[in-house]
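The values are calculated or read from the model by the stated rules, or taken from the named source; none is laboratory data. Everything numeric here is computed off the predicted structure, so don't read it as measured data. Cβ coordinates were reconstructed from backbone atoms using ideal geometry, including for glycine residues, and neighbour counts include every protein chain displayed. Accessible surface is based on the protein model in full, side chains and every heavy atom, while ligands, DNA and RNA are left aside. Shrake-Rupley method; radii C 1.70, N 1.55, O 1.52, S 1.80 Å.
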Amino acid sequence: MIWETIRLALRSVRRNALRSFLTLLGIVIGVAAVIAMLTIGSGTTQKVKADISKLGSNLLVVRSGRFNGPRSSDTVARPLEEKDAEALSRQLSGARAIAPAAQKQVRAVFGTESLVTGVTGTESAFLEARDWTLASGRVFSESETRSGAGVCLIGETVRQQFFGAGDPVGEAIRVNQMSCQVIGLLEAKGYTGFGQDQDNVVLMPLHAFQRRIAGNRNVDNIYVAADEATPTSILLPRVEGILRDARRVPPDGENDFDIRDMTQIADTMASATATMTGMLGAVAGVSLLVGGIGIMNIMLVSVTERTREIGIRLAIGAHERHILIQFLVEATVLSLLGGIIGILLGLSLAGLAAVTMSIPFAPSPAVILLAVGFSALIGMVFGFFPALRGARLDPIEALRHE
Amino acid sequence: MSGAPLINFDKVWKTYGEGEARVNALAGVDLAIPRGQFVAIMGPSGSGKSTAMNIVGCLDTPTAGTYSFMGVDAGRLDRGRRATLRNLHIGFVFQGYNLLPRTTAVENVELPLIYRGVAHTERRQLAMQALAEVGLIGREHHTPAELSGGQQQRVAIARAIVSRPTLLVADEPTGNLDTARSHEIMDLLTRLNQDLGLTIVMVTHEPDIAAYAGRTVRFLDGHVASDARTAEAAL
Ligand SMILES: Nc1ncnc2c1ncn2[C@@H]1O[C@H](COP(=O)(O)OP(=O)(O)OP(=O)(O)O)[C@@H](O)[C@H]1O
Ligand SMILES: [Mg+2]
């Protein structure tokens with residue numbers, strides 16, 4: 001009986017193929033939007049989480065000036081200095097690695113090739129703090145760091161631009177007129193969730209950077225990585241205390257530096273993604289509602305068109321429930337069909353987005369099942385009223401209907 | 001013929017409309033039809049024949065009076081129970097064939113069985129048998145649009161008898177057919193009445209069609225004007 005009804009429903013959908021398709025568009029678009037969004041959303045979240053952990057887990061980043069609120073115009077933010085990092089190294093407990101760093105975008109040249117790249121002057125502890133590893137070569141030696149020797153570590157993008165697949169270690173590149181010898185190659189890290197190439201980098205000793213590239217003694221950031229046993233929330237006030245001391249901030253004065261907790265940023269970002277997903281979900285919900293009303297409309301038309309058929313069926317032995325089920329199944333089949341097309345479309349869109357945005361393609365079986373269930377539900381809910389109307393028809397009136 | 005008649009009208013009234021537009025389609029009909037009879041209903045247009053057929057077939061209920069089917073007061077039954085009565089005991093043949101369009105002959109014939117919950121293979125077999133009984137084998141996969149008027153009416157009859165009903169209600173079954181087709185259909189109905197003991201109530205305007213029935217009831221202005229056995233000799 002139920003198979004019979006489903007077959008009948010499919011036949012009626014096929015008979016009015018174009019009309020059915022147009023009716024389905026609302027459902028198709030709604031479901032496709034939900035599926036695409038949730039799939040892209042979870043891919044992005046995965047990517048962001050991976051990026052944050054690439055930044056270094058349990059990482060505090062100190063920057064000069066105040067991060068929150070406007071800077072007062074009369075006081076120029078006082079830069080960080082190397083001695084601030086040294087004070088931390090001496091006094092801070094619970095840290096795994098501490099590294100001062102200064103950055104600038106400059107042009108690097110090798111032979112006839114050139115590339116604008118992010119140059120960072122820092123110490124070997126920087127790699128530890130950020131959980132970066134070397135693919136080949138070695139890190140800066142103690143004496144290279146102290147003297148600010150002309151040596152550097154390069155990222156994969158820089159290697160590819162200058163050396164192709166070849167071994168860069170031992171070659172000399174020019175960074176902003178300064179010649180430096182490549183002593184190591186960084187492990188490739190790919191793009192961030194925001195499309196930033198993390199492999200287009202050159203690392204050199206801080207002193208070399210300050211003298212030859214920046215032309216000042218400033219430090220832009222100090223990276224502080226917490227050890228296993230120390231949560232960043234505990235480490236942060238300690239860092240703050242030591243830096244206030246080192247920079248002689250008066251007891252009632254505000255910090256002239258800013259400490260960011262990357263773990264916290266990860267959480268913020270994750271919740272921002274969730275909010276975004278929720279908002280887009282609401283939009284998709286509206287389009288599903290519109291789709292449902294479309295189904296209701298077409299089912300009402302269908303019931304009216306087939307009034308005579310309903311009359312015949314009632315006269316030759318159908319009960320109200322048979323008619324009700326017939327139209328309910330038809331509405332459900334219709335909307336389920338829309339749901340399935342929508343799922344396929346949504347997954348294709350998400351797949352496309354995954355490729356172009358280089359995020360993982362993360363379809364969730366639960367979400368897909370939910371979409372199937374939901375579209376069936378829409379058919380039942382919005383098909384119910386028209387079906388009931390058909391079932392309640394007076395057989396004689398229905399038979400007289402032209 | 002034992003016990004109560006299969007069909008019994010007791011002062012049945014059917015009124016349509018209100019006030020000025022009030023019409024008494026049936027005005028006190030008394031009529032009893034026992035099992036196994038083949039009855040022709042005649043009368044001028046608007047005399048209430050179709051209204052009476054709808055009540056006979058438990059599609060409609062009287063405004064006043066009592067209509068009993070198999071001894072049950074059908075007018076007091078709710079929609080669901082009347083649907084069950086139709087499902088189990090009544091086959092309809094309508095004036096305009098009323099087959100489902102774009103649905104093959106055999107599928108049309110299967111319909112009543114679907115609503116009786118008969119399984120697929122048995123259903124197909126019974127439908128083919130009914131089509132054979134009306135002489136339509138070889139045409140079972142044609143849709144109504146691909147069949148002649150007489151063939152469509154035979155499909156409609158097959159659909160009405162496939163569930164082996166007690167009563168066949170036919171409202172002008174030959175109304176759209178030429179003389180030769182009409183007589184084919186009437187031969188078929190006569191055979192069903194004699195071989196299966198099927199009770200048939202049939203509306204017709206044509207005396208030579210009515211002559212096939214054993215009894216002719218004439219309606220006039222909503223009541224029974226005459227009721228007579230058809231002389232065998234009339235055939
Ligand atoms: N649904 C309805 N609403 C209002 N009046 C109706 C309705 N059905 C029938 N009538 C009226 O009841 C009367 C009897 O109608 P009915 O259809 O029973 O006549 P009939 O004998 O079958 O006529 P015909 O031979 O033309 O088919 C007519 O006057 C008709 O106009
Ligand atoms: Mg009539």
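Might you check whether a residue that is touching a residue at least 40 places away in the same chain (Cβ under 8 Å), within 16 Å of ligand 2 (Cβ to nearest atom) and away from chain A (no Cβ under 14 Å) occurs anywhere in the stretch B:95-104? Scanning the stretch B:95-104, I find no residue that is touching a residue at least 40 places away in the same chain (Cβ under 8 Å), within 16 Å of ligand 2 (Cβ to nearest atom) and away from chain A (no Cβ under 14 Å), so the answer is no.
Applying the condition of being within 46 Å of the chain's Cα centre (by Cα) and open to solvent by less than 30 Å² (accessible area, probe 1.4 Å) to the stretch A:309-330 and asking which residue is nearest to the other protein chains (Cβ to nearest Cβ) yields A:Gln326.
Yes or no, residue by residue, for (1) open to solvent by 40 Å² or more (accessible area, probe 1.4 Å); (2) away from chain A (no Cβ under 14 Å); (3) within 16 Å of ligand 2 (Cβ to nearest atom):
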{"site": "B:Gln129", "(1), (2), (3)": "yes, yes, no"}
{"site": "B:Arg139", "(1), (2), (3)": "yes, yes, no"}
{"site": "B:Val155", "(1), (2), (3)": "no, no, no"}
{"site": "B:Ile161", "(1), (2), (3)": "no, no, no"}
{"site": "B:Arg164", "(1), (2), (3)": "yes, no, no"}
{"site": "B:Asp171", "(1), (2), (3)": "no, no, yes"}
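If you filter the stretch B:10-60 down to residues that are more than 16 Å from ligand 2 (Cβ to nearest atom) and buried (at least 23 other Cβ atoms within 10 Å of the Cβ), you find that the one that is nearest to the other protein chains (Cβ to nearest Cβ) is B:Cys58.
Scanning the stretch B:93-111 finds no residues that are surrounded by 15 or more Cβ atoms within 10 Å (Cβ to Cβ) and farther than 28 Å from A:Glu402 by Cβ. Out of curiosity, is A:Ala135 within 19 Å of A:Gln198 (Cβ to Cβ) and under 33 Å from the mean Cα position of the chain (by Cα)? Yes, satisfied. Considering the stretch A:77-156, the qualifying helices (runs of 4 or more DSSP H), each wholly inside and each with 1 or more residues that are more than 26 Å from A:Pro237 (Cβ to Cβ), run over A:125-129, A:142-147. Look at the stretch B:48-60: where a residue is farther than 13 Å from A:Pro395 by Cβ and a partner is within 12 Å of ligand 1 (Cβ to nearest atom) and small (Gly, Ala, Ser), sitting 6+ places away or on another chain with Cβ atoms under 6 Å, you get B:Gly48/B:Ala25; B:Gly48/B:Gly222; B:Lys49/B:Gly43; B:Thr51/B:Ala25. Contact annotation: no residue pair with Cβ atoms under 7 Å, 6 or more positions apart or on different chains, pairs a residue in the stretch A:375-395 that is within 14 Å of chain B (Cβ to nearest Cβ) and within 24 Å of A:Ala284 (Cα to Cα) with a partner that is open to solvent by less than 10 Å² (accessible area, probe 1.4 Å) and part of a loop (DSSP other than H, G, I, E, B).
Residues considered: B:Ala160, B:Ala170, B:Ala156. Of these, the only one that is within 16 Å of ligand 1 (Cβ to nearest atom), within 28 Å of B:Leu88 (Cα to Cα) and modelled with pLDDT of 90 or more is B:Ala170.
Annotation: B:Ser148 fulfils all but one of (1) away from every other protein chain (no Cβ under 14 Å); (2) surrounded by fewer than 19 Cβ atoms within 10 Å (Cβ to Cβ); (3) in contact with a helix residue (DSSP H, G or I) (Cβ under 6 Å, 6 or more places away or on another chain); the unmet one is (3). Is it the case that B:Asn87 is within 13 Å of ligand 1 (Cβ to nearest atom), facing another protein chain (nearest Cβ under 9 Å), under 21 Å from B:Arg159 (Cβ atoms) and not aliphatic (A, V, I, L, M)? Considered against the rule, which asks whether it is within 13 Å of ligand 1 (Cβ to nearest atom), facing another protein chain (nearest Cβ under 9 Å), under 21 Å from B:Arg159 (Cβ atoms) and not aliphatic (A, V, I, L, M), B:Asn87 comes out as no.
I'd like to know if the stretch A:332-342 contains one or more residues that are of a type outside the set (Lys, Arg), within 16 Å of ligand 2 (Cβ to nearest atom) and open to solvent by less than 40 Å² (accessible area, probe 1.4 Å).
Looking through the stretch A:332-342, none of the residues is of a type outside the set (Lys, Arg), within 16 Å of ligand 2 (Cβ to nearest atom) and open to solvent by less than 40 Å² (accessible area, probe 1.4 Å).
Working only within the stretch B:23-55, note down all residues that are among the aliphatic types (A, V, I, L, M), in contact with a helix residue (DSSP H, G or I) (Cβ under 9 Å, 6 or more places away or on another chain) and more than 6 Å from ligand 1 (Cβ to nearest atom). The answer is B:Leu26, B:Val29, B:Leu31, B:Ile33, B:Ala40, B:Ile41, B:Met42, B:Ile55.
Scanning the stretch B:199-215 for residues that are open to solvent by less than 10 Å² (accessible area, probe 1.4 Å) and more than 16 Å from ligand 2 (Cβ to nearest atom) returns B:Thr199, B:Ile200, B:Ala213. Scanning the stretch A:180-230 for residues that are basic (Lys, Arg) and touching a helix residue (DSSP H, G or I) at 6+ places or on another chain (Cβ under 9 Å) returns A:Lys189, A:Arg217.
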